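Accompanying notes for the structure given below.
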């Protein structure tokens with residue numbers, strides 16, 4: 001057990017250069033589920049963040065931005081990405097920091113990443129999802145489209161697993177029943193993206209270590 005934990009820690013330290021993109025498995029969906037998922041990915045509202053106060057929102061942006069500088073050197077691009085992640089994650093009832101951990105593991109924050117199974121973009125979405133719940137013009141390399149699909153799909157798996165995030169992550173990666181992927185995502189979330197707002201602290205003090 002100790003050896004396995006050591007390996008996972010070492011692998012996590014290599015992220016985002018090393019990614020564990022998998023492939024969501026095709027499953028038949030009921031008409032009602034397909035309709036609900038279609039509605040979820042069809043949202044056109046402008047991305048925004050919802051915090052108890054603007055100061056907390058800016059502190060979150062500042063803290064997360066510091067951790068993403070390596071992947072997104074451009075300040076505005078980085079800010080837009082984070083706002084979209086927060087909006088899509090919160091809209092799906094997911095923790096935005098957990099979603100950042102998933103993206104780190106899945107694609108290393110590479111917008112045009114393509115896995116050997118043809119999964120695409122930041123959250124490594126399989127193309128069959130567009131046929132199942134989207135429209136032909138949905139581009140999985142488009143930032144918001146990719147993040148919306150990813151958050152919607154993970155929410156769907158979380159509902160299937162009655163709130164069991166560990167199993168939902170396994171389904172998302174196509175590795176249900178295997179511990180490596182869920183442990184990596186949860187480790188990235190805890191070690192790199194944890195967020196505990198302290199109003200009197202600077203963004204740097206609110207931040208754990210940055211991803212290597």
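Values in this text are rule-based calculations from the coordinates and carry no lab data. Just so we're clear, the structure is a prediction, and the values are computed from it rather than from any experiment. Glycine also receives a Cβ, built like all others from the backbone with ideal geometry; neighbour counts cover every protein chain displayed.
Note on the range 2-197: Rg/Rh from Cα positions, Kirkwood definition for Rh, rounded to two decimals, is 0.95. Subtracting the Cα-Cα distance of residue 135 and residue 51 from 0.36 nm times their residue separation leaves 27.0 nm of extension gain.
Footprinting exposure proxy ranking of 68, 102, fewest other C-beta atoms within 10 angstrom first, gives 68, 102. Residue separation of residue 35 and residue 191 scaled by 0.36 nm, minus their Cα-Cα distance, works out to 52.5 nm of gained length. Footprinting exposure proxy ranking of 105, 185, fewest other C-beta atoms within 10 angstrom first, gives 185, 105. Residues 74, 62 in ascending order of nearby Cβ atoms (within 10 Å, fewest first): 74, 62. Taken along the Cα-to-beta-carbon direction at a fixed 7 Å, the label points for residue 58 and residue 180 span 4.5 nm. When both the range 116-172 and the range 67-115 are represented by their alpha-carbon centers, they are found 14 Å apart. With the cut-off at under 20 Å, measuring from each backbone N in the range 112-151 to a point 7 Å along the Cα-to-Cβ line of residue 159 picks out 125-126, 128-135, 145-151.
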